[in-house]
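Have a look at the structure below before the remarks.
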Amino acid sequence: MGIFDFFKKKEPKSVWDEMMEIPGMKEQKDLYDAMSAMNAGGCTTDEMPNGIGEFGLEATNPIPVNTVQGSVLYLGGLRAPDGTRVNNERIGPVQVENIEKPIDEYLITHENGDDIATIYISPYQAKNSKKAPKGLDQVSPLL
């Protein structure tokens, strides 16, 4: 490093490089990459091919998403029939015979507090579904 190197213009950092400097972000990316690799053999369609019953409203026909982060994106894009955002509360995991891995159960409520539905999500799939269960809309552009 020469004495005049201090005056050289530094290359601007990309948004990606800036994000990777946020504490914990690299670890989150590594976790996402590992989980995505485990899900590579999962469902690649908007509905599980072996699903039984009403899409998303029965544990035997869960909504396929890729990782827990995919669940967050999916849930964030759900809307009530009147277009308002909905709240979600994870109830816990359930197991069914026709789906290999655990399924997450969520209570979906309107922002006014009224219950709308209980939905089921399978976060061990290869892609995020863009389809919404009956009685809800999916508006996320990130899926």
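Coordinate-derived values only; no laboratory data. Predicted model, so just to flag it, every value in this text is computed and none were measured.
Here are some notes:
- Phi-based couplings in Hz for the range 105-118 (Karplus 6.51, -1.76, 1.60; Gly and Pro marked x): 9, 10, 8, 9, 10, 6, 5, 7, x, 5, 5, 9, 6, 10
- Prolate/oblate/rounded label for the range 99-143 (Cα gyration tensor, a/c 1.5): oblate
- Only helical runs count toward this figure. For the chain, summing -39,500 (n - 2.57) over DSSP H runs of n ≥ 4 and dividing by all residues gives -6000 deg cm²/dmol at 222 nm.
- Out-of-range pairs (alpha-carbon distance over 29 Å; input Lys26/Lys134; Lys13/Lys101; Lys26/Lys101): Lys26/Lys134; Lys13/Lys101
- Each Cα pair under 8 Å and six or more residues apart adds its separation to the average, and for the chain the resulting relative contact order is 27 percent.
- Compared with the alpha-carbon gap, the fully stretched path from Gln28 to Glu11 is longer by 3.5 nm at 0.36 nm per residue.
- Length gained on full extension, Met19 to Thr45: 6.3 nm, using 0.36 nm per residue less the C-alpha separation.
- The alpha-carbon atoms of the range 35-138 define a convex hull whose volume equals 80 cubic angstrom per residue.
- Other-chain or far-sequence residues with amide H under 5 Å of Ile63's (modelled H): Gly56, Tyr120, Ile121, Ser122
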